[in-house]
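Remarks on the structure that follows.
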Amino acid sequence: MKGVSFALALVCVLVMALPLAAMPFLGSSTQMENREDAPPPSLTLADGGLNQQFATDFENWFLDHFGFRDRLVGWNAWINLRLLRTSSNEDVIVGRDGMLFFRETVPDYTGSAPLTPGELAAIRANVRRLALSIRQRGGNLYIAVAPNKNTVYPENMPNRYPWRGDGGNPARLRRALEGTGAIWIELLPALRDAKKDGQAYCLTDTHWSGLGARRAAGAILGAMGGRALPELQAVGKASHSGDLARMLGLGDSLVEQLDRYLPGDRDATDYSLHDVACEGRGEGRLLMLRDSFGTAIGPFITPAYEGARLRWENPFQATGEADDVLILIAERNIRLYLGQPAEAPAPKVEVAIPAAARRAPCTFEASREGAFACVDFRFGPLQYAGEAYLLIDDAAYWATPLSGGQTHEPGWFRALIRPEGFDSDARIRALCLTGKGRAWVSGDDLALGDLAEPGAAVEEDDLDDFEDLRRLRQGLIPED
């Protein structure tokens, strides 16, 4: 009996030691869970100090790298999903008929996190400013929201999550954007109709399927000047394991078969890249500002234009020229992408300095941003709310508020202006309307000197003249 007990104990020790012994050879596998590995721990910080979080860092690294981790995680997820009908990952919800849902979309589904009046007002101002900028360059701004999967398939959500039963945040956003100059494109009816013909959204993914992307593209192109959906080529079925399956650690085993569509000739463009330029057979140029929902829909929309560029970034970059600008984002990303103003040329507006405007010190900074002069300004040390304008002679340009994530503290504004539009003797000021019946205007004008001759090419070094603006406001250069 002692020999048997010893043998069993030895087997247990060997089994427990095997994952440790395999660590140097097997590496990590957290990509199967749709996330990055924990980095190796370090006893010291970059500044040479002692890392007080070493124990936590080591634990996180160890849990991501112990041997056979991928198999053990996969087995656990498979048992939970197939036998217990539950999820091994708190961010994944197991719904009816094998459909998985992203927990992040639950507040939208239940209506527990509605866009506030303040958020809607800020989004409205951002969109109105952007639409005006695009219109002054000869284009149109369109906005489409890709519904969350549980908005299209509420019948597949577990009963413990109450359905809000109304249009939710997309409906609030649509009402808030009325009169901004942006054209709203409704996608939900087309996607609900697509359910009659197949799977509009993937079972194992947060995104729409090829069928769903095709129907959404038809609705978008129809609203954008009545453009026709490009001819489609069916290429059979394709195996797909979505982001939700990978979050469960089942990226190699939880696979579904989906119809695959390609417009016209087989399109080799990789639409998952964050900056994609491609050519089509239609007319005009498209700029699509998008999130991950733009990946599957790209092949259906871009062939309808002569040229298209798809950009996936936050904040959006809308400085390029285009006939149509499309913002396509997921319902769950409304706050994330529209809550921040896009970077675009400052639109020219009509604005008068109120008679009661107070003169206030204003700090200016300037730099070159591609083809634009980038002028940043701020009134004093306080964080003034409201709208701000850069005044160049008799012209007023609507400036964009900068958030803390854009290298500035709150209270800064930015105006992108083409330098060749400046006269050599142009004078510059700034105006801020607080929205409470008060206004602030910079106290002094400053000639820009020979920054740019009308229509002349501007060298980057020429923008050093803008340094005089900042230094003057700090009192380092006496006024002329």
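Bear in mind that the values in this text are calculations on the coordinates, not laboratory data. Model, not experiment: these values are computed from the prediction. With ideal geometry, Cβ positions are generated from the backbone for all residues, glycine too; neighbour counts draw on all protein chains shown.
Using a simple spin-label model with points 7 Å from Cα along the Cα→Cβ vector, what separation in nm is obtained for E231 and S367?
Result for the modelled spin labels: 4.9 nm.
To the nearest 0.05, what FRET efficiency results for R418 and D97 with a Förster distance of 41 Å applied to their C-beta separation?
Values: r = 55 Å, r/R0 = 1.34.
Once the sixth-power term is evaluated, E becomes 0.15.
I need two numbers for the stretch 114-338: Rg to one decimal and Dmax as a whole number, Cα atoms only, in Å.
17.4, 52
What do you get for trypsin sites (Lys or Arg not before Pro) in the stretch 173-247 restricted to DSSP loop and a cutoff of at most 12 other Cβ within 10 Å of the site's Cβ? Working shown, then result.
On the way: sites: R174, R175, R192, K195, K196, R214, R215, R227, K237, R246; in loops: K195, K196, R227.
Here the sparse-neighbourhood loop sites are K196.
Suppose the chain between D166 and A395 were pulled fully straight at 0.36 nm per residue; how much longer would it get relative to their current alpha carbon spacing?
Values: separation 229, 0.36 × 229 = 82.44 nm, distance 4.45 nm.
Taking D166 through A395 to full extension adds about 78.0 nm, to one decimal.
Report the calculated FRET efficiency for T56 and S239 (r = Cβ-Cβ distance, R0 = 30 Å), to the nearest 0.05.
It comes to 0.20.
Considering only DSSP beta bridges with both partners in the stretch 114-338, what is the antiparallel share in %, to the nearest 5? Don't skip to the end; give the middle numbers.
Details: 13 of 33 bridges.
Of those bridges, close to 40 percent are antiparallel.
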